[in-house]
Amino acid sequence: MTGFPKEFLWGGAVAANQCEGAWNEDGKGVSIQDVLPKGMAGPRTGKPTRDNLKLEGIDFYHRYKEDVKLMAEMGFRVFRTSIAWSRIYPNGDETEPNEKGLQFYDDLFDECRKYGMELIVTLSHYETPLHLSEKYDGWCSRELICFYKRYVTTVFTRYKDKVKYWLTFNEINSILHAPFMSGGISTPKEQLTETQLYQAIHHELVASAWAVKLGHEINPDFKIGCMILSFPVYPLTPDPSDVIAAMEKDHSNTLFADVHVRGYYPGYAYRYFREHGIKMKVTEEDEAVLKHTVDFVSFSYYTSSCASADRERAGEGKGNILMGISNPALKASQWGWQIDPKGLRYVLNCLWDRYQKPLFIVENGLGALDTLVKGDDGIWTVDDEYRIDYLREHILQMKEAVEDGVNLMGYTTWGCIDLVSASTAELRKRYGFIYVDRNDDGSGSLARYRKKSFYWYKKVIESNGSEL
Ligand code: BG6
């Protein structure tokens, strides 16, 4: 194999809660994101507040036609977005869906298909209906499996001829670090026992397997994948104790993909449960349904970290959700996330060797401060050569991995249009090829402008990755 396969899925990714806005329109219920005005790490409010940028987002809900057209102009072969669960089931536990919410995604998906774009849709991207969090403590409750099954059956049936690729939970392993944002768990993290946390994880894993089973029954051509926050962990030194520390840290991530791909918990997980006194309720039906394994493995990739046997050093570095020790060999972004293109080749090889399942990079990109300038033609643009450099280096490493024999299906860059950050709820942390005139204080015309990277990515897609 030289270069990318000709059917390679180039595109971009967003999530409903970070771009749609219209947080309470057309019958949408409140989601956990609507009460996180400062992002993942900030305080939770009881109800949506005006200083929450996400409530209006980039107004994608009303402007999606213009945005999809721009994506089509770049030649996107695929667009990744999520369905906001609370648009379909506003509280999450109703028996009948909200027709207006369903209609919105019909219209959006039709618009994408008009340009020949495939869709890859995340069923749950950090946007559990708030009611499920408040009444049931989110995924701590087994009842969520039922509500999720009802929701996914509704959307699988409705969009069975429009969407081919599905992801069950965004970055499912992030629940270990962000139980509210990732799992809708309202019990404060410090009060949550490990048994409760792993029980919630188990419920999500079972729900994910149900989605695979139900989806394949509804349309056998569906390709349903898991989605993992990938985070290569290197030993800080060659000391074997550091190597083991890195392996153990890695296990806390691989656990999730292992269950999705193999259909059962790995031995190292049982050891961890034993040694930490974790006792979960696992039924025979759970064990049977877990055997419905995923068609492909998708993941996000932004950064890597180091691990050391010296426990005092853990958590020194910066990352969006997972943290580790900074790598002295790497530089970092303006937000302190270390930049490691070779880590992407490494992760691709590790996942391929471990699972022999097709892989899909569904998030990667550089969050940076952009400055709008007038181009020679008098049109506003951003000279974002730094973003082009970042993406070029990562795509080169993807190419290396393909040469290594890795089966890679596609690449969707994160935040292909500027959107609200998940960790900090800022808009000035921009990832897009398309600039959105909106500022952190809520000002701005919401007009869209093509950045320099827009034209660059268009060429990358046109040449199937040979012109970088
Ligand atoms: C991933 C999430 O963790 O990273 C996205 O799936 C998120 O929702 C992305 O936006 C980038 O992180 P941030 O905090 O810069 O938005």
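The values are calculated or read from the model by the stated rules, or taken from the named source; none is laboratory data. Computed from a predicted structure; not experimentally measured. All Cβ positions, glycine included, derive from the backbone under ideal geometry; neighbour counts span all protein chains shown. Remember, those area values only see protein heavy atoms, side chains included, never the ligands or the DNA or RNA. Shrake-Rupley method; radii C 1.70, N 1.55, O 1.52, S 1.80 Å.
The table for this structure:
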{"quantity": "Single condition ARG80 does not satisfy, out of (1) more than 15 Å from the ligand (Cβ to nearest atom); (2) assigned to a strand (DSSP E or B)", "calculated": "(1)"}
{"quantity": "Filter result for ILE417 (in contact with a helix residue (DSSP H, G or I) (Cβ under 6 Å, 6 or more places away or on another chain) and in contact (Cβ under 8 Å) with a residue 40 or more places away in the chain)", "calculated": "yes"}
{"quantity": "Count of residues meeting criterion [more than 16 Å from the ligand (Cβ to nearest atom), open to solvent by 10 Å² or more (accessible area, probe 1.4 Å) and within 29 Å of MET398 (Cβ to Cβ)] in segment 8-67", "calculated": "2"}
{"quantity": "Failed condition for GLN334, given (1) within 16 Å of the ligand (Cβ to nearest atom); (2) surrounded by fewer than 23 Cβ atoms within 10 Å (Cβ to Cβ); (3) not in a loop (DSSP other than H, G, I, E, B)", "calculated": "(3)"}
{"quantity": "Matching residues in segment 226-237 - criterion: being away from the ligand (no atom under 14 Å from the Cβ) and not in a loop (DSSP other than H, G, I, E, B)", "calculated": "VAL233, TYR234, PRO235"}
{"quantity": "Tabulated pairs, segment 81-110, first touching a residue at least 40 places away in the same chain (Cβ under 8 Å) and over 15 Å from LEU123 (Cα atoms), second open to solvent by 40 Å² or more (accessible area, probe 1.4 Å) and aliphatic (A, V, I, L, M), C-beta under 9 angstrom, 6+ apart or interchain", "calculated": "ASN91/VAL30"}
{"quantity": "Selection within segment 361-394 - touching a strand residue (DSSP E or B) at 6+ places or on another chain (Cβ under 9 Å) and open to solvent by 70 Å² or more (accessible area, probe 1.4 Å)", "calculated": "LEU369, THR371, LYS374, ILE379, TRP380, ASP383, TYR386"}
{"quantity": "Qualifying residue in segment 207-215 (condition: at pLDDT 95 or above and within 15 Å of the ligand (Cβ to nearest atom))", "calculated": "no"}
{"quantity": "Residue tally, condition in a loop (DSSP other than H, G, I, E, B) and within 29 Å of PHE454 (Cα to Cα), over segment 1-37", "calculated": "14"}
{"quantity": "Count - residues of segment 273-291 that are crowded, with 17+ Cβ neighbours inside 10 Å and out of contact with any Phe, Trp or Tyr (no Cβ under 9 Å at 6 or more places or on another chain)", "calculated": "1"}
{"quantity": "Output for segment 113-137, where each listed residue is away from the ligand (no atom under 16 Å from the Cβ), open to solvent by less than 10 Å² (accessible area, probe 1.4 Å) and among the hydroxyl-bearing types (Ser, Thr, Tyr)", "calculated": "SER133"}
{"quantity": "Criterion violated by GLN397 - all others in (1) under 18 Å from SER230 (Cβ atoms); (2) more than 16 Å from the ligand (Cβ to nearest atom); (3) open to solvent by 30 Å² or more (accessible area, probe 1.4 Å) satisfied", "calculated": "(3)"}
{"quantity": "Cross-chain or 6+ apart pairs with Cβ under 8 Å, segment 160-188 first and touching a residue at least 40 places away in the same chain (Cβ under 8 Å) and among the aliphatic types (A, V, I, L, M), then in a loop (DSSP other than H, G, I, E, B) and within 11 Å of the ligand (Cβ to nearest atom)", "calculated": "ALA178/MET40; ALA178/ILE321; MET181/MET40; MET181/TYR126; MET181/ALA422"}
